[in-house]
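Okay, so here's the structure we're looking at.
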Amino acid sequence: MREKGKYSQWKFIATFVVVMGLFASVKYGFGIEVPVKVVERGLRAEARFANIKEEVMEEEKVVEEEMVVLDDIENTEDEVLYEEEKEDSVVLPFVLSGAHRVRGVWSYSECFPDSQSVQIEAAQKYGITPVQNRMEAEVLVKEHRLVNICHSPFYAIDDLTHSIPYLVPRAQHLLNTICLNFIDSCQVKGLPIHLPIVTSVLRTTDDVSNLQRGNKNATTNSCHCYGTTVDIAYNKFMPMTGTYESRAALLRWNEPMKRVLSEVLNDLRMEGQCYVKYERKQGCFHLTCR
């Protein structure tokens, strides 16, 4: 008899075959090779995805380029409209350094709409009879019906090519008030002190004729002929310590100062002291005393 607990050769071989079969089953039956195949399939899928992504990006790039072209066209059109209408648009608040704020009026064109037909009535009521030339104007200066405004510490006078620096006393008083209020407002708001610049004053009949030769739109019966009307630039200002001859010192296109000037004019207009027209192309406020 055989002893219990000992294996025969046949059992040993059978056991060995079973164990090896078990290993083979684990290896092949349970998919030990699968991870490699998964990786390979993943790489192939990733490659396909990369190709699809590249094609999509190319399509998006084409669309973006087309949109840029369309935006450029629209922006160009918008810029043209903006240049034509920006001066008539709403004036938004402008915050200066510190606690000071310059608001200006909410719209230049709508707050200063007083046209020639409105201002001419006040000009004829408070002004002189239009004069033919400078000699006639000098006579009125001697009679104190006109005042020479050249010598003032409150504003600067532009090179007057088609007008002379004379106003009726009522208009001179208004001009002084405007400029004093402007200087005071600049100081209060922390802006460097600059003077307003007067660009047009009294026009004689000869001045109007000469002006019409180069400008067919010039009005024959201009408010400037009555000594009640003055143009004040909003696109340039004179430093307090400078002279108009030093043109390099001019402060040009300073929006905060333009807004301060608009505040001053709006206050006086609301008080009934003047009519004001916003001249977009001439770069000035055209105003007549009341």
Of the listed residues (227, 283, 272), the one being surrounded by fewer than 18 Cβ atoms within 10 Å (Cβ to Cβ) and over 25 Å from the mean Cα position of the chain (by Cα) is 272
Subset of segment 148-198, residues open to solvent by 60 Å² or more (accessible area, probe 1.4 Å), acidic (Asp, Glu) and either outside any helix (DSSP H, G or I) or under 25 Å from residue 132 (Cα atoms) (or both), comes to 159
Flagged in segment 100-122 as polar (S, T, N, Q) and either in a loop (DSSP other than H, G, I, E, B) or over 30 Å from the mean Cα position of the chain (by Cα) (or both), in numbering order, are 115, 117
Report task. Kindly establish whether residue 67 is assigned to a helix (DSSP H, G or I) and modelled with pLDDT of 65 or more. Result -> no
Result of the Cβ filter at 6 Å on segment 177-191, keeping first residues that are over 11 Å from residue 265 (Cβ atoms) and partners that are among the small types (Gly, Ala, Ser), at least 6 apart or interchain, is 190/98
Within segment 158-184, restricting to residues that are within 23 Å of residue 290 (Cβ to Cβ) and of a type in the set (D, E, K, R), the one that is nearest to the chain's Cα centre (by Cα) is 184
Could you say whether any residue in segment 193-209 is of a type in the set (Val, Ile, Thr) and within 17 Å of residue 122 (Cα to Cα)? yes
When residue 79 is run through (1) assigned to a helix (DSSP H, G or I); (2) open to solvent by 80 Å² or more (accessible area, probe 1.4 Å); (3) modelled with pLDDT of 65 or more, the failure sits at (3)
Of the residues in segment 124-157, those that are more than 19 Å from residue 198 (Cβ to Cβ) and either among the small types (Gly, Ala, Ser) or within 38 Å of the chain's Cα centre (by Cα) (or both) come to 124
Does any residue of segment 250-257 turn out to be open to solvent by less than 50 Å² (accessible area, probe 1.4 Å), among the aromatic types (Phe, Trp, Tyr) and in contact (Cβ under 8 Å) with a residue 12 or more places away in the chain? no
So, residue 233, is that one at pLDDT 95 or above and either open to solvent by less than 60 Å² (accessible area, probe 1.4 Å) or among the charged types (D, E, K, R) (or both) or not? yes
Filtering segment 123-147 for residues that are part of a loop (DSSP other than H, G, I, E, B) and open to solvent by 70 Å² or more (accessible area, probe 1.4 Å) leaves a count of 5
Based on what the data block shows, is residue 208 crowded, with 16+ Cβ neighbours inside 10 Å and assigned to a strand (DSSP E or B)? no
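The values are calculated or read from the model by the stated rules, or taken from the named source; none is laboratory data. For clarity, every value in this text was computed on a predicted model and none was experimentally measured. Methodologically, a virtual Cβ is constructed for each residue, glycine included, from the backbone with ideal geometry; neighbour enumeration extends over all protein chains shown. Only protein heavy atoms, including side chains, enter the accessible area calculation; ligands, DNA and RNA are left aside. Shrake-Rupley method; radii C 1.70, N 1.55, O 1.52, S 1.80 Å.
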